[in-house]
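Q: Supplied in structure tokens, the structure appears directly below.
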Amino acid sequence: MKELSIFVDESGDFGAYSKHSPYYIFSLVLHEQEKSIDDIVSDLDKRMKEHGFNIHAIHTGPIIRNEGYYKRFDFDDRKRLFNDLVFFAKKADISYHIVSAEKRGNTKAKVVDILSKQLILFVKENLEYLCGFDKVIIYYDYGQSEITTILTSVFNSFLSNVDFRHVQPHQYKLFQVADLICTLELAEIKFKNKTITDSELRFYESRRKFKDFYYKSIKSKRI
């Protein structure tokens, strides 16, 4: 059976616009199941243990902001873990798509409408490809009901071979990659709009280093 997995994660909330939450973005990471990533998953697990990270899932936002679990590690260790996930994403045979909306000047309903229309366009443009699989499996943690509704309504409208599964972040490295891609794509938007935060700028060092080291190779997988 030919299967396509799509891992979905989001960044932002549907609350009112604020300078701390100006955008809403979610990523779809596509992986054809016949293309095994077992070896690079094992390698990433090994590197995490070697660096002293006894964690179930890598969360990129808290790494950058030095929050929660990551407060016990110094800057270099946190950056090393972040980079390990970046290298994993570079090696993995995946592709991804981004759906995003600016919250400034838009109501919650309008943001949902913008996101829905972008996802519809993506599915329409790639319908032949998506229909080429016996099953398309959407993995999401059901973190926000609005995204759950968008995903189910759009994919069920166009595909009869789609299955939705609730996932915990620690279960799949590609779900963590979806989180990473949200973080990097959001940073790219912030750099362009000159809204990058102090913690993000310190972590990436400069826009040039961000684009050359982090964003360039990831963007090559975007569809």
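Q: Look at segment 192-205 and say how many of its residues are exposed (fewer than 11 other Cβ atoms within 10 Å of the Cβ) and either on the phi < 0 side of the Ramachandran plot or in a helix (DSSP H, G or I) (or both).
A: Count: 2.
Q: Pairs only if they're at least six apart or on different chains, beta carbon under 7 angstrom, first in segment 5-25 and over 24 Å from residue 154 (Cβ atoms) and in contact (Cβ under 8 Å) with a residue 60 or more places away in the chain, second in a strand (DSSP E or B) and charged (D, E, K, R); list them, first residue then second.
A: Short answer, once both residue conditions are applied: 22/102.
Q: Just checking, which of 218, 196 is under 23 Å from residue 44 (Cα atoms) and at pLDDT below 95?
A: Among 218, 196, only 218 is under 23 Å from residue 44 (Cα atoms) and at pLDDT below 95.
Q: Being within 18 Å of residue 198 (Cα to Cα) and surrounded by fewer than 17 Cβ atoms within 10 Å (Cβ to Cβ) narrows it down to one of 49, 71, so name that one.
A: None of the others qualify; the one that does is 71.
Q: Within segment 148-167, can one find any residue that is under 15 Å from the mean Cα position of the chain (by Cα) and closer than 28 Å to residue 84 by Cα?
A: yes
Q: Something else about it: Within segment 83-99, is even one residue more than 25 Å from residue 41 (Cβ to Cβ) and in contact (Cβ under 8 Å) with a residue 40 or more places away in the chain?
A: There is at least one residue in segment 83-99 that is more than 25 Å from residue 41 (Cβ to Cβ) and in contact (Cβ under 8 Å) with a residue 40 or more places away in the chain.
Q: Can you find a residue that is part of a helix (DSSP H, G or I), in contact with a His (Cβ under 8 Å, 6 or more places away or on another chain) and modelled with pLDDT of 95 or more anywhere in segment 107-127?
A: Checked segment 107-127: at least one residue is part of a helix (DSSP H, G or I), in contact with a His (Cβ under 8 Å, 6 or more places away or on another chain) and modelled with pLDDT of 95 or more.
Let's see how each residue does on (1) within 13 Å of residue 174 (Cα to Cα); (2) at pLDDT 90 or above; (3) not aromatic (Phe, Trp, Tyr):
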position: 17; (1), (2), (3): no, no, no
position: 25; (1), (2), (3): no, yes, yes
position: 39; (1), (2), (3): no, yes, yes
position: 59; (1), (2), (3): yes, yes, yes
position: 63; (1), (2), (3): no, yes, yes
position: 77; (1), (2), (3): no, yes, yes
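Q: Output the residues belonging to segment 114-142 that are touching a residue at least 12 places away in the same chain (Cβ under 8 Å) and either exposed (fewer than 14 other Cβ atoms within 10 Å of the Cβ) or at positive phi (or both).
A: 124, 127, 131, 132, 134, 142
Let's see how each residue does on (1) part of a helix (DSSP H, G or I); (2) at pLDDT 95 or above; (3) surrounded by fewer than 16 Cβ atoms within 10 Å (Cβ to Cβ); (4) not aromatic (Phe, Trp, Tyr):
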| site | (1), (2), (3), (4) |
| --- | --- |
| 153 | yes, yes, yes, yes |
| 170 | yes, no, yes, yes |
| 174 | yes, yes, no, yes |
| 180 | yes, yes, no, yes |
| 183 | yes, yes, no, yes |
| 190 | yes, no, no, yes |
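Q: Let me ask something else about it. Only one of (1) out of contact with any helix residue (DSSP H, G or I) (no Cβ under 7 Å at 6 or more places or on another chain); (2) part of a helix (DSSP H, G or I) is not met by residue 1, so which one is it?
A: (2)
Q: Can you tell me which residue in segment 155-168 is surrounded by the fewest Cβ atoms within 10 Å (Cβ to Cβ), limited to those that are part of a loop (DSSP other than H, G, I, E, B) and in contact (Cβ under 8 Å) with a residue 12 or more places away in the chain?
A: Per the criteria, the residue is 168.
Q: May I pose another question? When segment 74-106 is examined, which residues are found to be part of a helix (DSSP H, G or I), surrounded by fewer than 15 Cβ atoms within 10 Å (Cβ to Cβ) and over 20 Å from the mean Cα position of the chain (by Cα)?
A: Listed by number, the residues that qualify are 75, 76.
Q: A further question follows. In this structure, is residue 21 in contact with a Gly (Cβ under 6 Å, 6 or more places away or on another chain), of a type in the set (S, T, N, Q) and surrounded by fewer than 17 Cβ atoms within 10 Å (Cβ to Cβ)?
A: In short, yes.
The values are calculated or read from the model by the stated rules, or taken from the named source; none is laboratory data. No experiment lies behind these values; they were computed from the predicted model shown. Cβ: placed from backbone, ideal geometry, glycine included. Neighbour counts: every protein chain shown.
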